[in-house]
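Data first, discussion second: the structure below is written as structure tokens.
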Amino acid sequence: MRLIIAKDYNEMSKIAADEMAKSIKSNPEIVLGLATGGTPVGMYKELIKMYENGELDFSKVKSVNLDEYVGLSGEHNQSYRYFMNKNLFNHINIDKNNTFVPNGLSEDVEKEGKIYDEKIKELGGIDVQLLGLGNNGHIGFNEPNDELTVGTHLTNLKQDTIEANARFFSSIDEVPKKAITMGLGGIMKAKEIIVIASGKGKADIVSKLMNGKITTDIPASMLQMHNNVIVIVDEDAAKLVNK
Ligand code: PGA
């Protein structure tokens, strides 16, 4: 894994956006794996700026998101479909028909997972997968567990994830307890992976990602087995890493 340490959140966002922009320019029909959460917002703003400057064209880009809350429609302002439209898709020239987010309202989530994995295959697989890092080591909504799942699946959110995400809702009771997420197989099949993290709160998990043992208790530790991962963090998030 290649570690890049940025000065602060803004520089982390810029470096990550530049990395993604380079891939989009070299393959205008790229399939991007995208993530939600607080961390990627700055990077998406940088990509929007590049689009507005005429530097980037998203007309042929396709995207696949990692996860969605079960029970929220794409119109719900805390759904990840809504997040992607608001923070990126509404501001660039991507064709929304080429953007995929799991359907949180699916009646048969198991079937939805299979359809989603088929879709990714049909697109030719993910070229560049963006990942945030949960404080507990989750990637997508693959939570720490005795075992991890390969394909897109239904998952129960851990209490620490529900607490971390409560900041986006008016009360913790409103945070969905279940989600549908791409599995570790889907993530690990991406040709390149970009992990971003910022702030002191992520220092412990970043050090476990970089230097810790591979364990299902820290799903992100699996990334050590992928041969093309760039980890872009700010100084605060890097402070416990053995460099
Ligand atoms: P955050 O979430 O970017 O809001 O810190 C990361 C994650 O849970 O994957």
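The values are calculated or read from the model by the stated rules, or taken from the named source; none is laboratory data. Just so you know, these numbers come straight off a predicted model, no measurement behind them. Neighbour counts are summed over all protein chains in view; Cβ atoms, including those assigned to glycine, are modelled from backbone coordinates with ideal geometry.
Given the criteria free of Cβ contacts under 8 Å to residues at least 60 places away in the same chain and not aromatic (Phe, Trp, Tyr), does residue 161 qualify?
Yes, satisfied.
Enumerate the strands (runs of 3 or more DSSP E) found wholly within the stretch 114-207, keeping only those where 2 or more residues are farther than 16 Å from residue 63 by Cβ and within 16 Å of the ligand (Cβ to nearest atom).
Those strands (runs of 3 or more DSSP E) span 153-156, 178-181, 192-197.
Among the residues of the stretch 27-41, is there at least one that is in contact with a Gly (Cβ under 6 Å, 6 or more places away or on another chain) and acidic (Asp, Glu)?
So far as the stretch 27-41 goes, no, none of its residues is in contact with a Gly (Cβ under 6 Å, 6 or more places away or on another chain) and acidic (Asp, Glu).
Among the residues of the stretch 44-79, count how many are touching a Lys or Arg at 6+ places or on another chain (Cβ under 8 Å) and of a type in the set (A, V, I, L, M, F, W, C).
Of the residues in that region, 3 qualify.
Between a residue in the stretch 202-223 that is closer than 9 Å to residue 241 by Cα and any residue that is of a type in the set (D, E, K, R) and away from the ligand (no atom under 14 Å from the Cβ), which pairs come within a Cβ distance under 9 Å, given they are 6 or more apart or on different chains?
203/239; 206/239; 207/239; 210/243
Yes/no per residue for (1) β-branched (Val, Ile, Thr); (2) farther than 19 Å from residue 99 by Cα; (3) at pLDDT 95 or above:
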| residue | (1), (2), (3) |
| --- | --- |
| 123 | no, no, yes |
| 130 | no, no, yes |
| 138 | no, yes, yes |
| 147 | no, yes, yes |
| 155 | yes, yes, yes |
| 184 | no, yes, yes |
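Looking at the stretch 146-185 only, could you name the residues that are more than 16 Å from residue 65 (Cβ to Cβ) and small (Gly, Ala, Ser)?
Once the filter is applied, which keeps residues that are more than 16 Å from residue 65 (Cβ to Cβ) and small (Gly, Ala, Ser), the stretch 146-185 yields 164, 166, 170, 171, 185.
Quick one: is residue 30 in contact with a helix residue (DSSP H, G or I) (Cβ under 6 Å, 6 or more places away or on another chain) and at pLDDT 95 or above?
Yes, satisfied.
Which condition number in (1) more than 21 Å from residue 125 (Cβ to Cβ); (2) touching a residue at least 60 places away in the same chain (Cβ under 8 Å) is the one that residue 66 fails?
Only one criterion is unmet by residue 66, namely (1).
Could you say which residue among 146, 160 is within 23 Å of residue 217 (Cβ to Cβ), loosely packed, with under 14 Cβ neighbours inside 10 Å and out of contact with any helix residue (DSSP H, G or I) (no Cβ under 7 Å at 6 or more places or on another chain)?
Answer to the check: 146.
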